[in-house]
Amino acid sequence: MRNPEFFIKKINKGFSLTELLVVVTLGSLLLSIALPHFGNLLDRFRLATASRTLVSAISLARSEAIRRGVRVDLVPATNHDWSRGWLVIMDANNNQQRDIGETSLHASGAQPEGLRIVGSLRDAKKTYLAFDPSGRPRSAASSAVPQFGSFLLSVGPHQSKIVIGFLGRVRVCDPVKEGAAC
């Protein structure tokens, strides 16, 4: 007859040191491979979010100009730096900044760290985008002179370009992938 202890199942109470070291080594190896790609993914998400937010503000400025029947401006929140945010305002005195008593329709806060926004608009003397009551972009000097161009957004190696057409229509493209067509 066999020993009764032979039939009792042996219970494992944990991992051995070797097993634990193998799991930790494999985990750290996988993490070191995935981490740079994760940062790259986050940069692309930051860029996409900032592009959508700026396009929304441009669309808001245009639609409010049409709805209200007045010129509406999109201007940087501080010191000609779009990456610190922007304002959609009804600029009564045409100075491309929010003054006391002027209506602010939207304010965007500072954008993600590392985001650069460079505006390349027809009126390069001032940093703004204005729409007249017809929804067309216009310059501060005259409603007959259009203010169109683009915004180039970049985070690390990733870029996105927002193009504002002559009629005020907006499109987003990738200058790296699309080249001259963007």
Margin query: at pLDDT below 90 and in contact with a Pro (Cβ under 9 Å, 6 or more places away or on another chain): is that true of Pro157 in this structure?
Written below: no
Margin query: Cβ contacts < 8 Å: first residue at pLDDT 85 or above and exposed (fewer than 15 other Cβ atoms within 10 Å of the Cβ), restricted to segment 111-133; second residue part of a loop (DSSP other than H, G, I, E, B) and not β-branched (Val, Ile, Thr), any location; separation 6+ or different chain. Result?
Written below: Gly114/Gly156
Notebook entry, point to check: Just wondering, is there one or more residues in segment 99-109 that are under 26 Å from Arg44 (Cβ atoms) and not in a strand (DSSP E or B)?
Noted result: yes
Notebook entry, point to check: From the residues in segment 55-73 that are hydrophobic (A, V, I, L, M, F, W, C) and within 11 Å of Met90 (Cα to Cα), which one is surrounded by the fewest Cβ atoms within 10 Å (Cβ to Cβ)?
Noted result: Val70
Check: Can we say Ser150 is more than 21 Å from Arg46 (Cα to Cα) and over 14 Å from the mean Cα position of the chain (by Cα)?
Finding: no
Check: So which residues in segment 81-110 are free of Cβ contacts under 8 Å to residues at least 24 places away in the same chain and β-branched (Val, Ile, Thr), if there are any at all?
Finding: Ile89, Ile100, Thr103
Checklist line | Filter result for Val24 (β-branched (Val, Ile, Thr) and closer than 24 Å to Arg138 by Cβ) | finding: no
Note to self: Suppose we keep only residues that are without any contact (Cβ under 8 Å) to a residue 60 or more places away in the chain, part of a strand (DSSP E or B) and touching a Cys at 6+ places or on another chain (Cβ under 8 Å) within segment 154-175. Which one would you say is farthest from Thr49 (Cα to Cα)?
What the structure shows: Val163
Next item on the list: Kindly list the number of the only condition in (1) closer than 21 Å to Gly168 by Cα; (2) of a type outside the set (Phe, Trp, Tyr); (3) modelled with pLDDT of 90 or more that fails for Ala107.
Entry: (3)
Item checked: Selection from segment 68-80 of residues that are part of a strand (DSSP E or B) and touching a residue at least 24 places away in the same chain (Cβ under 8 Å) -> Val72, Asp73, Leu74, Val75, Pro76, Ala77
Next item on the list: Identify all residues within segment 135-182 that are among the small types (Gly, Ala, Ser) and surrounded by fewer than 13 Cβ atoms within 10 Å (Cβ to Cβ); write none if there are none.
Entry: Ala141, Ser142, Ala144, Gly179, Ala180, Ala181
Checklist line | Tabulated pairs, segment 26-51, first surrounded by 14 or more Cβ atoms within 10 Å (Cβ to Cβ), second hydroxyl-bearing (Ser, Thr, Tyr) and not in a helix (DSSP H, G or I), C-beta under 7 angstrom, 6+ apart or interchain | finding: Leu47/Ser160; Ser51/Ser160
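The values are calculated or read from the model by the stated rules, or taken from the named source; none is laboratory data. Predicted, not measured: the structure shown is a model, and the values here were computed from it. Ideal geometry is used to build each Cβ from the backbone, glycine not excepted, and the neighbour counts take in all protein chains shown.
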